[in-house]
Amino acid sequence: MLCKTFHTSAIELSHRFLSDLGRHNYITPTSYLELIAAFRQLLTQKRDTVGEMKKELVDLQPKLEVAKIENTKMMKVIEVESVQVEAKSKLVRVDEEAATLKANEAQALKDECESDLAEAIPALEAALSALNTLKPSDITIVKSMKNPPSGVKLVMSAVCVMKEIKPEKITDPGGKGQKILDYWGPSKKLLGDMNFLRDLKEYDKDNIPVPVMAKIRSEYMTNPDFDPTKVAKASSAAEGLCKWITAMEVYDRVAKVRT
């Protein structure tokens, strides 16, 4: 049908060609047969090509099946690995969050330590400064006191506590023979030590026993008479020692919080 349409259309165009230009173009049955032959040849070529492609597809089919199986296996592996990667990612995120939290805590601790040190260092400097104000002659004066003021005895008893020196039992003059604990005897021995001030300056401030500082805080820091200003009226040496004990208490409190 298609070849017929081509042939009849060519005849009509030939008539128009003759009418318009006066020239003949002959369309013969042979031309028609040649057209059909050419069409058949083209159709055969196309069919041969399609046949070869079909054969190639048939030959490729086993390979495609193998590739399909391999692809399915690969997809399963990818799924498993994806689950594992996601699990590891979650662990990494948890670790990152924990690390961030630790970093924040460390920074907060650092800031707190720096703040505490801002208080502890001046306290330590104040303690050493208080001792530097004392002279051997000041210590000698205190040692020579036969009936020391209560402020002096109070400060020296605190010094004995800091040095872990125990009091001695004496007869209470106003207690009808009753025995009491007294620090003045041990205090005089302590004041007679030539290395008294040096030992205080080298006092192990970072390892003050807990019971010692507990006693200082409960019996002395709460006592209104344990005050450098008040003690100064009785003795400049006692004033310096009172300042030293007060400063050491501050340093110990800050250091314990810091650690």
Taking a probe of 1.4 Å and leaving out DNA, RNA and ligands, segment 118-214 shows per residue an accessible area in Å² of 60
In cubic angstrom per residue, the convex hull of segment 30-81 built on its Cα atoms measures 59
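Can you pull out the GluC sites (Glu not before Pro) in segment 167-259 that DSSP calls coil and that have at most 12 other Cβ atoms within 10 Å?
Working: sites: E168, E202, E219, E239, E249; in loops: E202.
Within segment 167-259, the qualifying GluC sites (Glu not before Pro) (loop, at most 12 other Cβ atoms within 10 Å) are E202.
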Full extension between T72 and L181 adds, at 0.36 nm per residue less the Cα distance, a length in nm of 30.0 nm
Any lysines whose Cα falls less than 20 Å from that of K169, other than same-chain ones fewer than 8 residues away, would be K143, K146, K153, K179, K188, K189, K215
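I want to verify the translational diffusion coefficient of segment 148-237 in µm²/s; compute it with Stokes-Einstein, Rh as the Kirkwood radius over Cα pairs, at 20 °C and 1.002 mPa s. Can you show the working numbers first?
Working: Rh = 14.3 Å.
For the chosen part, D equals 150 µm²/s.
The values are calculated or read from the model by the stated rules, or taken from the named source; none is laboratory data. The structure presented is a predicted model; accordingly, all values stated were derived computationally and were not measured. Here the Cβ is made from the backbone with ideal geometry for all residues, glycine too, and neighbour counts use every protein chain on show. Heads up: the accessible areas ignore ligands, DNA and RNA and are worked out on the full protein's heavy atoms, side chains in. Shrake-Rupley method; radii C 1.70, N 1.55, O 1.52, S 1.80 Å.
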